[in-house]
Structures are given as structure tokens and as C-alpha cells.
1. Using all Cα-Cα distances in the stretch 3-51, what percent lands in each 5 angstrom bin from 0 up to the longest?
2. Show me, for the stretch 26-35, the HN-Hα J-couplings you get by feeding each phi into the Karplus relation (A = 6.51, B = -1.76, C = 1.60, θ = phi - 60°), rounded to Hz, glycine and proline as x.
3. Under a Cβ-Cβ cut-off of 14 Å, what is the net charge of the residues other than Gln19 that fall near it, where Lys and Arg count +1 and Asp and Glu count -1?
4. I want to check the label-to-label distance for Lys96 and Leu83. Put each point 7 Å from Cα in the C-beta direction and report it in nm to one decimal.
5. In nanometres, what is the gap between the two model label sites at Lys51 and Ile76, each 7 Å from Cα along Cα-to-Cβ?
6. Could you tell me what percent of the accessible area of the chain is made up of carbon and sulfur, with a 1.4 Å probe and every protein chain present?
7. Hey, any idea what the orientation-averaged projected area of the convex hull of the stretch 37-81's Cα atoms comes to, in nm²?
8. Which one, Ile62, Ile76, Ile35, has the greatest fluctuation when you compute a Gaussian network model over the chain with C-alpha springs under 10 angstrom?
Amino acid sequence: MMRGMGNMQGMMKQMQKMQKEMMKEQEALNSKQFIGESTNGYVKATFTGDKTLQDIAINEAIVDADDVEMLQDMIILAVNDGLKKIEKESEQTMGKYTRNIPGL
């Protein structure tokens with residue numbers, strides 16, 4: 001009976017270690033910058049890994065008061081590109097912890 005308790009304690013220590021590693025990697029991911037770009041890089045959206053929009057840079061060459069819709073589309077492309085980059089990196093970084101856990 002005592003032998004089973006040793007295994008349980010070992011598993012708990014292993015889980016705590018894994019949790020600390022996950023938190024460390026999540027913090028690193030959250031502080032990393034991701035830049036999403038529209039076609040030809042006319043609009044750039046800068047995010048942190050926790051999906052916080054930090055900056056939007058718009059090349060003035062595409063600013064046209066008569067074609068606001070094109071600018072809106074470029075902003076949407078840049079934002080979506082940035083979010084996709086965050087998702088991809090998150091899956092690569094954090095996926096190793098959740099890959100074999102049912103329901104995650």
C-alpha cells in the first residue's frame with residue numbers, strides 16, 4: 001500500500017514540474033511580438049502573444065479618402081494574419097502539454 005503512495009507523490013511532483021514549465025513558456029509566449037501583414041505589407045499589426053494589439057502601421061501610400069473600404073480590408077488582413085501567427089506559435093509551444101490530454 002505504501003508503494004502506491006510513492007508513485008502518487010512522484011506523479012504529483014512531475015505534474016507540478018510540468019505546470020511550472022507550462023507557465024514559464026506561456027509567459028515567454030505572451031511577451032513575444034508577432035507582426036501580421038496585409039498584402040505587400042502596406043498595413044502591419046503588432047501583437048503580443050496574449051493577443052493584445054500593440055500597434056498598427058499604415059503605409060500612407062494606400063490612404064485614399066475615396067477608397068476607405070480598401071484600407072479597412074487591409075487592416076483586417078493584417079490583424080487576422082497576426083492572430084494566425086500567434087495561434088500557430090501557441091500550438092507549437094503549448095500543444096506538447098495538451099496533445100494527449102482528453103478534452104483539451
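1. Final binned percentages: 5, 18, 13, 12, 11, 9, 9, 7, 6, 5, 3, 2, 1.
2. 5, 4, 5, 5, 5, 8, 6, 9, 10, 10
3. Values: positive: Lys13, Lys17, Lys20, Lys24, Lys96; negative: Glu21, Glu25, Glu27.
Residues close to Gln19 contribute a combined charge of +2.
4. Modelled inter-label distance: 2.8 nm.
5. 1.8 nm
6. Values: 4340 of 8040 Å².
Here carbon and sulfur together make up 54 percent of the probe-accessible area.
7. Working: hull surface 11.8 nm².
Directional mean of the projected Cα hull area for the stretch 37-81 stands at 3.0 nm².
8. Ile62
The values are calculated or read from the model by the stated rules, or taken from the named source; none is laboratory data. On a predicted model such as this, the values are computed, not experimentally measured, just so you know. Positions of Cβ are backbone-derived with ideal geometry, glycine not excepted, and every protein chain shown enters the neighbour counts. Side chains are part of the model used for accessible areas, which takes the heavy atoms of the whole protein and leaves out ligands, DNA and RNA. Shrake-Rupley method; radii C 1.70, N 1.55, O 1.52, S 1.80 Å.
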